[in-house]
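Take a look at the structure set out below.
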Amino acid sequence: ARIRTTAALSSQQPTAAAEHPKPEPKPDPKPTTTTITAATSESKSKPSKSKQSWLHRLTTLYNESTGESELSSLKNAVHQASHQFDTSVQNLQNARQSYALATSAHDTIHTQQSALLLKRQLWDDDGNDARTFADLTLQESLAKKQLSECKSKLRQAEDEVSTRQVQYMDAMRKRYHEEQIWNDRWRVLGVYGTWGLIALNSVLFLGGQVVQ
């Protein structure tokens, strides 16, 4: 009986081992060549980015302290105002041409209509003159409407030119005023710098005499 029990136990052990297999050890992850290259390039790009950032800050500080940023902004504002003024002048010329053409067309149709109306007693019995007069009346109405629209556009273009001209003059006046202010500041700084160099040279000269 003991031998049978021992044999039964020995036969059950492999089954239990098969039901619960041991987990295989996972290989340690190793950094690939791409990861190493990306990390190296990132570490190299950080100093260059920091240098560019410091250079940009120093340039911005210099431009702000010397007034270059403000004067450049005013210069761009003047150019933009000048472009807008030139565009409005061109629009005004186009509006004047359109108004002149509309006026000429309306006057021509109105003249033909008036001349035909004066000859009303001589109109033919077939009704051709009456149909022509009706067509001219319709054309005159359309030409009058177009003339009114062109006149309204011309008035708007004139107002636009006046507004843009004032804006352009204001931009030029502001730029000239700021340039005068910064020129005075630079002149004062130049005077102080000159006196500072004279004082430094005097101190160095006197110090050299005392040492001798």
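The values are calculated or read from the model by the stated rules, or taken from the named source; none is laboratory data. Given the structure is predicted, the values throughout are model-derived calculations rather than measurements. When we count neighbours, we look across all protein chains shown, and the Cβ atoms used for this are built from the backbone with ideal geometry, even at glycine. Ligands, DNA and RNA are excluded from the accessible area calculation, which covers all protein heavy atoms including side chains. Shrake-Rupley method; radii C 1.70, N 1.55, O 1.52, S 1.80 Å.
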(message) Condition (residue is in contact with a Phe, Trp or Tyr (Cβ under 7 Å, 6 or more places away or on another chain), among the hydrophobic types (A, V, I, L, M, F, W, C) and more than 30 Å from GLU179 (Cα to Cα)) applied to segment 95-114: is it met by at least one residue?
(response) no
(request) For segment 45-66, state whether one or more residues are under 30 Å from GLN165 (Cβ atoms) and either modelled with pLDDT of 60 or more or not β-branched (Val, Ile, Thr) (or both). (result) no
(message) Exactly one condition in (1) surrounded by 13 or more Cβ atoms within 10 Å (Cβ to Cβ); (2) under 30 Å from ALA102 (Cβ atoms); (3) among the aliphatic types (A, V, I, L, M) is false for ALA171; which is it?
(response) (2)
(message) All but one of (1) open to solvent by less than 50 Å² (accessible area, probe 1.4 Å); (2) under 30 Å from SER69 (Cα atoms); (3) polar (S, T, N, Q) hold for THR103; state the number of the condition that does not hold.
(response) (2)
(message) Return the residues of segment 123-157 that are open to solvent by 70 Å² or more (accessible area, probe 1.4 Å), over 45 Å from the mean Cα position of the chain (by Cα) and closer than 29 Å to ASN94 by Cβ; say none if nothing qualifies.
(response) LEU138, GLN139
(request) Could you please give the count of residues in segment 112-122 that are open to solvent by less than 60 Å² (accessible area, probe 1.4 Å) and outside any helix (DSSP H, G or I)? (result) 0
(message) Need pairs with beta-carbon distance below 7 Å; first residue over 15 Å from GLU70 (Cα atoms) and within segment 181-196, second open to solvent by less than 70 Å² (accessible area, probe 1.4 Å) and in a helix (DSSP H, G or I); sequence gap 6+ or separate chains.
(response) none
(request) Quickly run through segment 123-143 and pick out the residues that are touching a helix residue (DSSP H, G or I) at 6+ places or on another chain (Cβ under 8 Å) and assigned to a helix (DSSP H, G or I). (result) ASP129, THR132, PHE133, LEU136, THR137, GLN139, GLU140, ALA143
